[in-house]
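Report on the structure given below.
Every read-out reported here was derived from the displayed coordinates using simple, explicitly stated rules and does not represent laboratory data. Small disclaimer: the values here were computed from a predicted structure and weren't measured. Glycine gets a Cβ as well: all are built from the backbone with ideal geometry, and neighbour counts include every protein chain shown.
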Amino acid sequence: MKTDGSAGGRTYLAALPMSLWAFLFVGISLLYVIGLSLLSRGEGFGAQLPVTLDNYMRLGDRLYLRSLWLSLRLAATTALMSLLFGYPLAYFISRARPRARTWLMILLIAPFWTNALIRIYGWKILFYANGPINSVLRSLGLIEKPLKLLYTDFSVLVGMVYAMFPFFVLPVYSSLERMDWTMAEASRDLGATPLKTFFTITVPMTLPGIMAGLVLTFIPSIGLFFISDLLGGANTMLWGNLVQNELLKSHDMPFAATLSVVLLALTGVIILLYKRVGGKADDIVF
Amino acid sequence: MSEDTTLLSLRGLRKTFDTQEALNGLDLDVIRGEFLTLLGPSGCGKTTTLRIIAGLEMPTEGQVFLEGKDITLLPPEKREVNTVFQNYALFPHMNVAANIGYGLRMRKVPKADVLKRVDEMLRLVQLEGYGKRMPSQLSGGQRQRVAIARSAVLSPKLLLLDEPLGALDLQLRRQMQSELKKMQQQLGITFIYITHDQEEALNMSDRIALMRDGRFVQLDTPHNLYERPATAFAATFIGETNILDCTVVGISGEEVLLDMSGIAIPATTEDWVVPGQTLCLCIRAERLHYAKKSPEGFFLRGTFKGSHYAGSERTAEIELNTGHTLFSRQRTEQEETVLPGETVCLWWDRKTAGLVIDDREETT
């Protein structure tokens, strides 16, 4: 927040309730998780002293490094696929007539009115060996034996991109919406083809939206566990699944907290990098 | 007009937006090397005309010819026509040099040549050393120059300028007017210039096309447009003019006798004037004189109502006994003191009063 000198003190006071709220609901829980990660496993769901870094030592294990790598790779792929599908959609919506634009936005947001878990179950049904996709392909004579779709990297990726790409479309749409289209006209006027104009003018001018969209799809993708759980089965052990396992199966709260702290630190680093290249944290929340 | 002097021709240009008629059948021939201004109130179709010439808008009907070739369907990037946009449309993510060199790079001009020509252009618009600046670091006047340089560097056959001085303050505007005119002559590029500022149009143009409701009202030199307006709209849009609604009583030779609410007024006739016709007599405010003493020849009587002082000039408001109010603008150096309520005589040189058709109420 930018303030000038004279109003500075008062603005600070005005922001106090917000800071208090943030401290209560974000700060305390964060401190709790960090504190927990430094304890040892206790009876049942418990945690006990002494304070130790043992949990962090365990992270060096190949299993965890591999899971981290897989999670980051999947998150990056998800973000890039969201870019690939989301940008054209955002472009199309922003160039539509105002009435059509409203309807397209409603269509984009409508799925959020249903629980994400239920929507992913929907994909699961689509991917079954005797599900709709395989039956259609078979009746068209394109395949003889049903394709194995479910519990593959492909099905996980589809689910992830499906769940995440609206978060790419929204910030890109808002920066396309704010774009001054006479810039594109000027580019055409100066001799650039529509394609050239797109890459030299439209993309650079909407770069803040693209960056925000990438961050918004990448970060949650690292921690998402239920999609890989439902569509990837036991084949995929992502970071989010590790946290879930430690918590719900092994009942190791301190280690689950440690895994979460790693995720938090990673997210923090990415946001810092994003700010370093000139992105505004505000654009993410837009 | 012969083929080699005509650069651009518009033929029967029409444009409809939804149900709104923006252009109503325009015909225009632009002469090579001239400074042509499209002048008119906002919404008269100036910008639409310019956008059609640039290729940014497709006409609903009609054709555009550049050097005799039909370019109506050509996309903007294929036309040897460039535009200076009203808001300049400088690319915010490119520095000044990259902005100016953009068109050359799109034409695949070798890098060394681009640099050389960008430098030349920067010198021409007096922005040497500004190449590395971003558009956001420039003043309005500097941005405007960059916008012109960016288009002019491509040596287009025709440069279109959409109110390029609209965003500048008055002083800078005046200065840029003469700079632009000088630049146009230096570059030898044909300009089509849009403005709604009559003074700007009169100052800069070789010819002015006065527009209204998607049509040309008059296409003429600044001098003729001022001295011999074709219609009452043309007469009122440019300068301060008294319009007298009259009926033609009789014509004899060069002379026509008009009737304005019972007052007989003699004037010089035109070939289109017929007895019984209603028309307007226009007298420019600065060419309508008044004094307490009656002059020789024809004059009207009126009551002095008051005046507005403006330094070198004063505009007086005089009411005729018919209820019409006329304005007379006179130099203040030898003015006579007249008090409100006093009777004055009004007269004018017959050569300076023109007959025009009344088109003030017309709308499409």
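Structure values in brief
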item	result
Debye, to nearest 20: dipole size of segment B:6-227, +1 on Lys, Arg Cβ, -1 on Asp, Glu Cβ	1020
Global form of segment A:60-285, assessed from the alpha-carbon gyration tensor, a/c cut-off 1.5	oblate
By average C-beta atoms within 10 angstrom, highest first, the peptides B:332-340, B:276-284, A:75-83	A:75-83, B:276-284, B:332-340
Where labels lie 7 Å past Cα in the beta-carbon direction, separation of residue A:96 and residue B:70 in nm	3.7
Gained length - residue B:303 relative to residue B:187, 0.36 nm times residue gap less alpha-carbon distance	36.3 nm
Sequence-distant residues sharing a close amide H with residue B:291 (under 5 Å, placed H)	B:345
Straight-distance crosslink candidates among lysines, where the alpha carbon sits under 19 Å from residue B:293 and sequence neighbours closer than 8 are dropped	B:305
Spacing of the two label points (7 Å from each Cα toward its C-beta) at residue B:335 and residue B:128, in nm	4.9
Antiparallel bridges, percent of DSSP beta bridges restricted to the protein assembly as shown (to nearest 5)	80
Nearest-20 debye value, segment B:289-347 charge dipole, Cβ charges on Lys, Arg, Asp, Glu	60
Protection-proxy order for peptides B:149-155, B:114-120, each taking the mean of Cβ atoms within 10 Å per residue, highest first	B:149-155, B:114-120
Distance from segment B:137-153 to segment A:116-160 (C-alpha centre basis), Å	57
Under 19 Å from the Cα of residue B:182 - lysines, other chains or at least 8 residues apart	B:157
Separation of alpha-carbon centers, segment B:29-107 and segment B:260-290, rounded to whole Å	42
Farthest toward positive dipole pole in the protein assembly as shown [+1 Lys/Arg, -1 Asp/Glu at C-beta], among B:238, A:103, B:249	A:103
Check: segment A:60-285 dipole with +1 on Lys, Arg Cβ and -1 on Asp, Glu Cβ, in debye	380
Span-rule helices in chain A, defined as complete DSSP H runs reaching 27 Å or more along the axis (Cα) with Kyte mean at least -0.5	A:62-95, A:153-178, A:253-276
Too-long pairs where the Cα-Cα distance tops 26 Å, listed order kept, from B:69/B:116; A:196/B:116; B:15/B:78	B:69/B:116
Length-normalised contact order of chain B in % [C-alpha pairs under 8 Å, at least 6 apart]	15
Amide hydrogen neighbours beyond the local backbone of residue B:165, cut-off 5 Å, H modeled	none
Shielding by partners, peptide B:68-80 (average Cβ within 10 angstrom, other chains)	2
Charge dipole of segment A:148-206 about the Cα centre (unit charges at C-beta), most positive-ward option of A:173, A:160, A:200	A:160
By average C-beta atoms within 10 angstrom, highest first, the peptides A:114-121, A:173-180	A:173-180, A:114-121
Length-normalised contact order of chain A in % [C-alpha pairs under 8 Å, at least 6 apart]	27
Euclidean distance of C-alpha centroids, segment A:212-267 and segment A:58-88, integer Å	11
Spin-label model distance (nm) - residue A:106 vs residue A:137, 7 Å beyond Cα toward Cβ	3.5
Ranking of B:351, A:275 by count of other Cβ atoms within 10 Å, fewest first	B:351, A:275
Peptide A:172-185 - average C-beta neighbours from other chains (10 Å radius)	2
FRET E, pair residue B:178, residue A:84, Förster distance 56 Å, beta-carbon r, rounded to 0.05	0.60
Using θ = phi - 60° and Karplus 6.51 cos²θ - 1.76 cosθ + 1.60, couplings along segment B:111-117 (whole Hz; Gly, Pro as x)	4, 4, 5, 4, 4, 5, 6
Crossing angle, helix B:96-106 versus chain B [Cα axis fit, 0-90 degrees, rounded to tens]	70
For residues of B:50-57, the mean tally of beta carbons on other chains within 10 Å	2
Long-range HN-HN contacts of residue B:62 with modeled amide H, under 5 Å	B:14
Full-stretch length increase - residue A:26, residue A:181 - with 0.36 nm per residue and alpha-carbon distance subtracted	51.7 nm
Residue among B:92, B:198, B:209 farthest towards the positive dipole end of segment B:6-227, charges placed on Cβ	B:92
Likely footprinting exposure, A:231, B:288, fewest C-beta neighbours within 10 Å first	B:288, A:231
Integer Hz, Karplus 6.51/-1.76/1.60 couplings in order for segment B:272-288, x for Gly and Pro	8, 7, 10, x, x, 6, 9, 8, 10, 9, 9, 10, 4, 4, 7, 10, 9
